[in-house]
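Notes for the one structure printed next.
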Amino acid sequence: MAVPRSRIVDLMKVQCRIFSTIFNPERLRMGNKILRQRLKGPALAAYYPRRVATIKDLQKLYPNYETYDEDEEDRLEHIQIQKSRGKGAPKKKKSAAESKKFGKKKR
């Protein structure tokens, strides 16, 4: 003795109403499992330490004042030394023709 489908669907409706779940008789993928989960944003934000103000931030806030960034000066000096030895980064191509000219390798 088989139970008619309409009766099973009615039972599923009542069950979903009682247990506060989504009625989905076609069993479509709706993402309810993901939407019910707790939000991860606050936990991730609490994991990483707060950002500390840097010299660049101070320069942006107070452009009139002269500040000295030792790390930036060291970086620029290092780049200048490399360029003087011919080891610096190549210049960027200004047009598409220049980049195509040097992009292909000869065999």
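Annotation: of all residues in the stretch 1-14 being of a type outside the set (Gly, Ala, Ser) and part of a loop (DSSP other than H, G, I, E, B), the one that is modelled with the lowest pLDDT is MET1. Please specify each residue of the stretch 23-33 satisfying the condition of being exposed (fewer than 10 other Cβ atoms within 10 Å of the Cβ) and modelled with pLDDT of 90 or more. Answer for the stretch 23-33, where residues must be exposed (fewer than 10 other Cβ atoms within 10 Å of the Cβ) and modelled with pLDDT of 90 or more: GLU26, LEU28, ARG29, GLY31. Looking at this structure, is ARG17 without any contact (Cβ under 8 Å) to a residue 40 or more places away in the chain, assigned to a helix (DSSP H, G or I) and on the phi < 0 side of the Ramachandran plot? Spelling it out, ARG17 is indeed without any contact (Cβ under 8 Å) to a residue 40 or more places away in the chain, assigned to a helix (DSSP H, G or I) and on the phi < 0 side of the Ramachandran plot.
Here LEU76 meets each of (1) of a type outside the set (Asp, Glu); (2) within 26 Å of the chain's Cα centre (by Cα); (3) more than 30 Å from CYS16 (Cβ to Cβ); (4) assigned to a helix (DSSP H, G or I) with one exception, condition (2).
Residues that are among the hydrophobic types (A, V, I, L, M, F, W, C) and either loosely packed, with under 10 Cβ neighbours inside 10 Å or within 23 Å of the chain's Cα centre (by Cα) (or both) within the stretch 34-66 comprise ILE34, LEU35, LEU39, ALA43, LEU44, ALA45, ALA46, VAL52, ALA53, LEU61, listed in sequence order.
The values are calculated or read from the model by the stated rules, or taken from the named source; none is laboratory data. These numbers were taken from a predicted model, which means no experiment stands behind them. Reconstructed Cβ throughout: ideal geometry from the backbone, glycine too, with neighbour counts over all protein chains shown.
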